[in-house]
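The values are calculated or read from the model by the stated rules, or taken from the named source; none is laboratory data. Small disclaimer: the values here were computed from a predicted structure and weren't measured. Here Cβ is always computed from backbone atoms with ideal geometry, including for glycine, and neighbour counts include all displayed protein chains.
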Amino acid sequence: MRTHLIRTAAAAGGTLVAMLAAGAPAFAGVTGPAIYVDGVAYRTVGTPTDFSATGAPDQAWDVIYNFGGVQPSVATAAPGDRDYNGGRWRVHGLSLPSGYAAAVASADTNLNGVIDSDAELALALTAGTAVDLGVVKQFECPVIPLPHGR
């Protein structure tokens, strides 16, 4: 009986640990580098907001271009920019019809191996190595400078 109780407690404890670990990302807080703006990497805090049906005017949003996970997103503004809208974003999906390497080759003007500014992204869009799929989501999240030395 005692062995059965110990096994049951261990199994329950293991399940609890697994549940907590699965939920950890929701409570992880600030991310690592997640967004580039003008060649500078920023981090963020994921939020569960969805502003897709608000009807807010175009000027209320900044744009983030999402690369589908192959690199951090590229945003058009950050804190300190005159036109920054406080973290209200319209996310545009991107297609890379010739592949990621071709997009980088067509647009990486600072030769750091990524597209890290809206100017570089504009080059890829003009070259056709990136295609803007339009707005896929609207939400709010902060853009936070990385700590010095990161």
inquiry  = Looking at A21 and the list (1) modelled with pLDDT under 95; (2) over 19 Å from P142 (Cα atoms); (3) part of a loop (DSSP other than H, G, I, E, B), which single condition is not satisfied?
reply    = (3)
task = Considering only segment 104-117, state which residues are of a type outside the set (A, V, I, L, M, F, W, C) and crowded, with 18+ Cβ neighbours inside 10 Å.
result = S106, D116, S117
inquiry  = Return the residues of segment 92-103 that are surrounded by fewer than 18 Cβ atoms within 10 Å (Cβ to Cβ) and assigned to a strand (DSSP E or B); say none if nothing qualifies.
reply    = G93, S95
remark   = Here the residues within segment 70-88 that are part of a strand (DSSP E or B) and of a type in the set (V, I, T) are V74
